[in-house]
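The values are calculated or read from the model by the stated rules, or taken from the named source; none is laboratory data. Since this is a predicted model, take the numbers as computed values, not measurements. Note: ideal-geometry Cβ built from the backbone for every residue, glycine included; neighbour counts use all protein chains shown.
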């Protein structure tokens, strides 16, 4: 199984809502990532988890809250988002956090904030 | 031909022809490079990688060339097929860091 599975595929939320994005991988990878991708732009790194611990936070606003409950799961909790947060949110994993590691991406959650 | 503007750079090629997608990377200390393919509605998919101690690597129908002198990376696709239509991103990792730096992307359109 070489898949990274993300749910939901699409999400529409109001600015006062609280929602969560979920990501799951069963490749035994110990590094997991959240990326944000705006239309026609490259992915931008948000967070990196290594062995279930947050190792990189790219100065992401606190309305985005990541969580890694175990080595297979990664969540992104959303609260009080702004319309400019509308984007494709991609989860990725790699064996470990290291140079020369390939990232495996999920299909993403397309988020619209109204 | 290739066009650059407010939209993604686009490369249009005839089916069966070879495609060359170029990428200028930013950091001379980068020592690992990857090409990703992203189809509409999907996440990026790994195509091929190359380390900085190499200048060429071949896969199935794809070849990556690395020119460190001018910080240039290219992806060659042989006998381009309709299924190759997608956006292609190059990504670099600076040695000692774990952060991918993605290029701006190129849209490949395969004409029947």
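Across region B:74-110, what is the number of residues that are more than 14 Å from chain A (Cβ to nearest Cβ) and either modelled with pLDDT under 95 or not in a strand (DSSP E or B) (or both)?
Result for region B:74-110: 8.
Given (1) farther than 15 Å from residue B:44 by Cβ; (2) surrounded by 13 or more Cβ atoms within 10 Å (Cβ to Cβ); (3) within 13 Å of another protein chain (Cβ to nearest Cβ), identify the lone condition not met by residue A:10.
Residue A:10 satisfies every listed condition except (2).
So which residues in region B:43-73 are within 14 Å of chain A (Cβ to nearest Cβ) and in a loop (DSSP other than H, G, I, E, B), if there are any at all?
B:43, B:44, B:52, B:53, B:54, B:59
I'd like to check which strands (runs of 3 or more DSSP E) are fully inside region A:1-47 and have at least 2 residues that are more than 27 Å from residue A:99 (Cβ to Cβ). Give the derivation first.
Details: elements: A:4-7, A:10-13, A:18-25, A:31-37.
Here the list reads A:10-13, A:18-25.
For region A:50-65, state whether one or more residues are within 20 Å of residue B:98 (Cα to Cα) and surrounded by 20 or more Cβ atoms within 10 Å (Cβ to Cβ). Talk me through it step by step, then tell me what you get.
Restricting attention to region A:50-65, the residues satisfying the condition of being within 20 Å of residue B:98 (Cα to Cα) are A:50-60.
Retained after the next criterion (residues that are surrounded by 20 or more Cβ atoms within 10 Å (Cβ to Cβ)): none.
Within region A:50-65, not a single residue is within 20 Å of residue B:98 (Cα to Cα) and surrounded by 20 or more Cβ atoms within 10 Å (Cβ to Cβ).
Looking at the structure I just gave you, is residue A:69 under 29 Å from residue B:92 (Cβ atoms) and without any contact (Cβ under 8 Å) to a residue 60 or more places away in the chain? Before you say what the answer is, go through the steps one by one.
On the way: under 29 Å from residue B:92 (Cβ atoms): no; without any contact (Cβ under 8 Å) to a residue 60 or more places away in the chain: yes.
Criteria not met by residue A:69.
Step by step: first the residues of region A:79-103, then only those that are closer than 21 Å to residue A:50 by Cα and at pLDDT 95 or above, then the one that is surrounded by the fewest Cβ atoms within 10 Å (Cβ to Cβ). Which residue is that? Even if it seems obvious, please write down each step before you answer.
First pass over region A:79-103, keeping only residues closer than 21 Å to residue A:50 by Cα: A:89-103.
Remaining after also requiring at pLDDT 95 or above: A:89-93.
Working: A:89: 23, A:90: 28, A:91: 27, A:92: 26, A:93: 27.
Selected residue: A:89.
Restricting attention to region A:78-97, does a residue exist that is away from chain B (no Cβ under 12 Å) and under 10 Å from the mean Cα position of the chain (by Cα)?
No - not one qualifying residue is present in region A:78-97.
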